[in-house]
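Take a look at the structure set out below.
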Amino acid sequence: MLRLDCLRAIYPELEHCLVVTIMGATAAELHSLGHRPNFFYLQHAMGLASSTGLGLSLCLPDQKVVVLDGDGSLLMNLGSLSTMARYRPKNLVHVVFDNESLLSVGGFPTATSTGTDLEGIARAAGIPAVLTVRVVEDFRTAVKRALEGTQLTTIIAKVEAKGPAGYVTDLSLIENRFQFRRYIQSLKEQ
Amino acid sequence: MPVSLSSSKVIFNALKQCDIRLLSALPETWLVHLLRMADEDPDVTLVRLAKEEEGVGISAGAHFAGVKSGMLMQNHGFLASINGIVSFAHLYKIPLLMLISYRGTFGERDPWQTQGGNVTEALLRGMSIPYSFLDGIDTVEKRIRQAQTLAESSLQPVALLLTRDLMWEE
């Protein structure tokens, strides 16, 4: 399963969600499908995409928030699973693309390549709904159900360690950040 | 425990005056009363963290959502947050109001706190983070208001160091 195919499969569902991605390949691939003002790409600060999603979902309980995380990033901030589980916002969907690799920084294998089980860790941390998917159709169904449901869900998507040739997009980090905040403010004014 | 309840109340009320509606925190001796007040206040969301750096992401999310937030931590928690501050808050111009208990200074009895005290201000200066002290009950409200004003106008992290003189009664 390719992450790009997964992203393509859920792209329509993301239209009305607040989306936070990790850096590198995940950000570049989502951007390549077509940037939207409700997408925020956290291009550094590995591990904090899930924390950002938690802050957003706690402050905006009526908005669906989707975090597109990765195994390398989540392993840098496993405590985030316990914090998310503690507050378990119903409007947060936490997707973890597990390619068993720090692909964007040279392809070094992560601990999930040697047996670390992120589904098990998330479940034991107390995340109320956790599942692992390995084919695109299951991924699409899992995300759709989680968005329609009312439980904090972590979806581990096992994907190949493949990504785009480059990661820099034509969207400046600062522009993305102000556009994202302005988008959220515009929702409040509706 | 001689943590000052009266000072904690003044700090908490000053935060509420600034419309702080979310506080992230990791328990620390000097912060116990503040944590309890935040927990009991229905207008404030308290997010108890596993590690302080998470608070940078949570405050960024709150900022995007238009909610004013603060971070309560010990100076060692500030040390643990540095990458998040630099590669999120500085990189993306995110305002952070950091209230940092300043352990390891004159009067510190816990040997394990002493190294953090040595480096806290040097690190704040090295990171170009504007900072000031909460060191007297009469100036708490004004300093917190000024700190938040600067954080919001400059879109950057600012720090207030909670001192022994204010937080500890013995």
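Dipole magnitude for region A:60-190: about 460 debye, using +1 per Lys or Arg Cβ and -1 per Asp or Glu Cβ, origin at the Cα centre.
Across region B:44-52, coupling constants 3J(HN,Hα) worked out from phi with the 6.51/-1.76/1.60 Karplus curve, θ = phi - 60°, read 10, 8, 9, 10, 7, 9, 8, 8, 4 Hz, and Gly and Pro carry x. Exposure proxy shown here: for A:Tyr11, A:Tyr167, the number of other Cβ atoms within 10 Å sets the order, fewest to most, as A:Tyr11, A:Tyr167. The alpha carbons of region A:1-158 give a radius of gyration and a Dmax of 13.8, 39 Å, in that order.
With neighbours defined as other Cβ atoms within 10 Å of a residue's Cβ, the residues B:Trp112, B:Trp168 order from fewest to most as B:Trp112, B:Trp168. The tail of the calculated P(r) for region B:10-65, taken as Cα-Cα distances beyond 15 Å, holds 48 percent of the pairs. Between the C-alpha center of region A:35-56 and that of region A:91-154 there is a gap of 16 Å. For region B:40-104, list log₁₀ I(q)/I(0) at each q in 0.12, 0.18, 0.26 Å⁻¹, using the Debye formula over Cα point scatterers of equal strength and ignoring solvent, two decimals each. Treating every Cα as an identical point scatterer, log10 I(q)/I(0) equals -0.29, -0.64, -1.21. Annotation: amide H of A:Ala157 within the under-5 Å range of A:Val96, A:Phe97, A:Asp98, A:Val133, sequence separation 5 or more or interchain, hydrogens built in the peptide plane.
Of all DSSP-defined beta bridges confined to region A:85-190, some 15% are antiparallel rather than parallel. Here the contact order of chain B, divided by its residue count and restricted to Cα pairs under 8 Å and six or more residues apart, works out to 26 percent.
For the protein assembly as shown, what is the calculated [θ] at 222 nm in deg cm²/dmol (nearest 500), taking -39500 (n - 2.57) for each run of four or more DSSP H residues and dividing by its residue count?
About -12500 deg cm²/dmol.
Once the chain from A:Gln185 to A:Leu33 is taken as fully extended at 0.36 nm per residue, the excess over their C-alpha distance is 52.3 nm. Principal semi-axes of the equivalent ellipsoid, √(5λ) from the alpha carbon gyration tensor of region B:5-167, are 21, 19, 15 Å from largest down. A convex hull fitted around the alpha carbon atoms of the protein assembly as shown yields 138 Å³ per residue.
Per-residue 3J(HN,Hα) values for region B:11-16, derived from phi via the Karplus relation 6.51 cos²θ - 1.76 cosθ + 1.60 with θ = phi - 60°, read 5, 5, 5, 5, 5, 5 Hz in sequence order (x marks Gly and Pro).
When DSSP beta bridges are restricted to pairs lying wholly in the protein assembly as shown, around 5% turn out antiparallel. For region A:84-102, backbone nitrogen atoms closer than 16 Å to the point 7 Å from A:Arg8 Cα along Cα-to-C-beta are found at no residue. Ordering A:Gly107, A:Tyr167, A:Ala125 by Cα displacement along the dipole of region A:3-189 toward the positive end leaves A:Ala125 in first place; charges were set at the Cβ atoms of Lys, Arg (+1) and Asp, Glu (-1). Across the cross-link table entries B:Lys16/B:Lys51; B:Lys93/B:Lys142; A:Lys90/B:Lys142; A:Lys90/B:Lys9; B:Lys51/B:Lys93; A:Lys64/B:Lys9, which are compared at the Cα atoms, the separations over 30 Å belong to A:Lys90/B:Lys142; A:Lys90/B:Lys9; A:Lys64/B:Lys9. Computed on region A:3-189, with alpha-carbon pairs under 8 angstrom and 6+ residues apart, the relative contact order is 26 percent.
Under the convention that each Lys and Arg Cβ holds +1 and each Asp and Glu Cβ holds -1, the size of the dipole of region B:1-146 around its Cα centre is about 260 debye.
The distance between label points at B:Gln146 and B:Gln115 comes to 3.4 nm (points 7 Å beyond Cα on the Cα→Cβ vector). Listed by chain and number, the lysines whose alpha-carbon sits under 27 Å from that of A:Lys162, ignoring those within fewer than 8 places in the same chain, are A:Lys144. Amide hydrogen proximity for A:Ile127: with H placed 1.01 Å from N in the peptide plane, no residue at 5 or more positions away or on another chain lies under 5 Å. Phi angles of region A:68-76 translate, via the Karplus equation with coefficients 6.51, -1.76, 1.60 and θ = phi - 60°, into HN-Hα couplings of 9, 9, x, 5, x, 5, 5, 5, 6 Hz per residue; Gly and Pro are given as x.
FYI, it's all coordinate maths here, none of it is from the lab. Small disclaimer: the values here were computed from a predicted structure and weren't measured. For neighbour counting, all protein chains shown are included, and Cβ atoms are generated from backbone atoms with ideal geometry for every residue, glycine included.
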